[in-house]
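Below: one structure, written as structure tokens.
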């Protein structure tokens, strides 16, 4: 769900991408994004593409051909990042966990002993495909002790649960507008630490993507305002408004809301004899992997929820296909009314 | 300028990217894009980024490391394409013309004699930086005779003057939403011929960009509807409405409108003692490079037009900086009222 005022922002008259009014708005987007990412990083701005473009931005700028990287894989998005990184010329060491479980610091420590000079260690903070939230602080410490950069996928976590870029020593991070920022999809907020930016600035080879080259983008999003590409103007209006709403609510209050809606859902599911199947103690608040009871047709259940009740839930992916449905409670959607509406619909569908 | 109904479309409620309603709309976008591109190409759809992402899409999918390509360079966008192609691993042969002039078929013929096995020849159809429109048919014939693919930048031409993909034998083409389609920026419509698609499908190496890999994108935009990335939903609503408006007006009527507004502007400028400086006989209708008279401060003129009259015109770029202003008459903006308003403002600014 998207707030009405964000739809209003989307429909505001399109300005030129170098118009002084738009440039002023870009500054405000950067300032607000820094607050939401909890960072002082100067290089904090939205990439002109959806979340996967942010993933590619981080990989393309940091990786030079032949670089070694370590990537945690416990779902779709870690798997995807390995593919993206390899296309950038990286030698990838995968650290795998069963889908639905987190990546343990000990696993990263072991990988760091095997890989001589890793460029970065990457973790998907909130695995949207499984509902598991991997804690980052200990992994960050291990990564920096090994002299590597720390890269984080925060597509689903940003705005829904704590993401402390500076406090947790995150060097490169990307997100998406359409998850807990509750904005339509179309942009990927990113942030790079001084060390990550330095790595991109001192590369021996050009960044393989012109569109995503931070050395060029920084001249447009920085003080120079040199034309690079034409930014998606109206999507930036929408992000501006979405960030404003996040900050008006307050980060801590917003996180607390996501947490309490998760608990309300979990308790309601429990009363129906259902449970959230991702690893206990590490369950995402904003994306709930609900186990489908034996004998229930999962695709039929999702279709009925959509057609009869106007509620879209996600399918299980990969090894979880047919075994779970994924119930998002992100941003505007994380409300008591929606939890109750979903539980009532589910009760009807299950004939309980 | 963007039509009010397009703003209305932008603000429609966001659907899921695999929602049956959205999927049906995607089909209509493809059907309408084929009509606007004047092609039967199955692989005709919008890339989830702005025009430069379309350029990178074409280069990244067609080029394998070491491939030779020939690129016409007569302005900013030909120059940019050389950079993009080199980052994809191409050996680039530039065919250059003075900024403001077209690329001549004879120049391409000469380049084709020097380059043994070119993967493609690329031309910027309408050079937005200079206002020159390079004719494509003869160059297409030469390109195909040499066994190469023909790649065209139609960012500014599509929807404002004839772009006949099939009749002109164009194998790969990209455009932008924010020029003559008169939609906000955010998507890049592309089309690939069967031969271009075959080249992408039979590559020996993976496409270096995961986000732009047509082999993955075709599963989402094709019949399978396999999740790839999350499409910018609301921007697709806007493009859908923009294409509908183009087709309701009719391509030929729309081209004629752009042509007659160009003539009205040219005549009005002439009465002020000003002229359009791009190559005679090849001047774009939708982007007019107006020579700045000696003694006039070009930046001051643009600023006064913006601040006092609410009219944004473009600066000259590269060798044309300070020498021209670029007056767009694209899509909705190409109206008699706007031409008159601009001429009256210009007359005041010049003290005539």
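Answer with yes or no whether residue B:154 is within 13 Å of residue B:72 (Cα to Cα) and either in contact (Cβ under 8 Å) with a residue 24 or more places away in the chain or not assigned by TED's automatic domain parsing to the domain that holds residue B:291 (or both).
Numbers: within 13 Å of residue B:72 (Cα to Cα): no; either in contact (Cβ under 8 Å) with a residue 24 or more places away in the chain or not assigned by TED's automatic domain parsing to the domain that holds residue B:291 (or both): yes.
Considered against the rule, which asks whether it is within 13 Å of residue B:72 (Cα to Cα) and either in contact (Cβ under 8 Å) with a residue 24 or more places away in the chain or not assigned by TED's automatic domain parsing to the domain that holds residue B:291 (or both), residue B:154 comes out as no.
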Residues of segment A:52-74 that turn out to be crowded, with 23+ Cβ neighbours inside 10 Å and away from chain B (no Cβ under 13 Å), as a count: 6
Report yes if some residue within segment B:177-186 is at positive phi and within 14 Å of chain A (Cβ to nearest Cβ); otherwise report no. yes
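Here is a list: A:229, A:258. Which entry is in contact (Cβ under 8 Å) with a residue 60 or more places away in the chain and at the interface with chain B (Cβ under 9 Å from one of its Cβ atoms)? Break it down into steps so the answer makes sense when it comes.
Values: A:258 fails: at the interface with chain B (Cβ under 9 Å from one of its Cβ atoms).
Being in contact (Cβ under 8 Å) with a residue 60 or more places away in the chain and at the interface with chain B (Cβ under 9 Å from one of its Cβ atoms) holds for just one of A:229, A:258, which is A:229.
Restricting to segment A:333-342, count the residues that are outside any loop (DSSP other than H, G, I, E, B) and surrounded by fewer than 17 Cβ atoms within 10 Å (Cβ to Cβ). Before the answer, list the steps.
Applying the first criterion (outside any loop (DSSP other than H, G, I, E, B)) to segment A:333-342 yields A:333, A:336-342.
Okay, now just the ones that are also surrounded by fewer than 17 Cβ atoms within 10 Å (Cβ to Cβ), so A:336-337, A:340-341.
Count: 4.
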Check on residue B:329, surrounded by 20 or more Cβ atoms within 10 Å (Cβ to Cβ) and either closer than 16 Å to residue B:130 by Cβ or free of Cβ contacts under 8 Å to residues at least 40 places away in the same chain (or both): yes
Consider residue A:345 against the criteria (1) within 14 Å of chain B (Cβ to nearest Cβ); (2) outside any strand (DSSP E or B); (3) surrounded by 15 or more Cβ atoms within 10 Å (Cβ to Cβ): it satisfies all of them except one. Which criterion is unmet? (1)
Determine whether segment A:33-45 contains at least one residue that is surrounded by fewer than 20 Cβ atoms within 10 Å (Cβ to Cβ), within 14 Å of chain B (Cβ to nearest Cβ) and modelled with pLDDT of 95 or more. no
Residues in segment A:205-236 that are closer than 17 Å to residue A:46 by Cβ, part of a loop (DSSP other than H, G, I, E, B) and modelled with pLDDT of 95 or more total 5
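Scan segment A:1-15 residue by residue and report those that are touching a helix residue (DSSP H, G or I) at 6+ places or on another chain (Cβ under 7 Å) and over 23 Å from residue B:15 (Cβ atoms).
Passing the criteria: only A:15.
I'm trying to understand the selection: among the residues of segment A:3-17, which are within 22 Å of residue A:230 (Cα to Cα) and out of contact with any strand residue (DSSP E or B) (no Cβ under 9 Å at 6 or more places or on another chain)? Walk me through how you get there before you give the answer.
So in segment A:3-17, the residues within 22 Å of residue A:230 (Cα to Cα) come out as A:6-17.
Result: A:6, A:7, A:8, A:9, A:10, A:11, A:12, A:13, A:14, A:15, A:17.
Return the only residue of B:78, B:49 being modelled with pLDDT of 95 or more, within 14 Å of chain A (Cβ to nearest Cβ), closer than 25 Å to residue A:6 by Cα and crowded, with 18+ Cβ neighbours inside 10 Å.
Details: B:78 fails: closer than 25 Å to residue A:6 by Cα.
Unique residue meeting the criteria: B:49.
Give segment B:80-96 a look and list any residue that's touching a strand residue (DSSP E or B) at 6+ places or on another chain (Cβ under 7 Å) and in contact (Cβ under 8 Å) with a residue 12 or more places away in the chain, or say none.
Initial filter on segment B:80-96 (touching a strand residue (DSSP E or B) at 6+ places or on another chain (Cβ under 7 Å)): B:81-82, B:85-86, B:90-96.
B:81, B:82, B:85, B:90, B:91, B:92, B:93, B:94, B:95, B:96 - these are the residues of segment B:80-96 that are touching a strand residue (DSSP E or B) at 6+ places or on another chain (Cβ under 7 Å) and in contact (Cβ under 8 Å) with a residue 12 or more places away in the chain.
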Could you grab me the full set of residues in segment A:6-21 that are at the interface with another protein chain (Cβ under 7 Å from one of its Cβ atoms) and within 14 Å of residue B:307 (Cα to Cα)? A:16, A:19
For residue A:322, only one of the following conditions fails: (1) touching a strand residue (DSSP E or B) at 6+ places or on another chain (Cβ under 9 Å); (2) at positive phi; (3) within 12 Å of chain B (Cβ to nearest Cβ). What is its number? (3)
Of A:151, A:197, A:142, A:112, which residue is assigned to a helix (DSSP H, G or I), away from chain B (no Cβ under 14 Å), within 24 Å of residue A:33 (Cα to Cα) and in contact with a strand residue (DSSP E or B) (Cβ under 8 Å, 6 or more places away or on another chain)? A:197
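The values are calculated or read from the model by the stated rules, or taken from the named source; none is laboratory data. Everything numeric in this text was worked out from a predicted model, so none of it was measured. Heads up, the Cβs are rebuilt from the backbone with ideal geometry, glycines too, and the neighbour counts pull from every protein chain shown.
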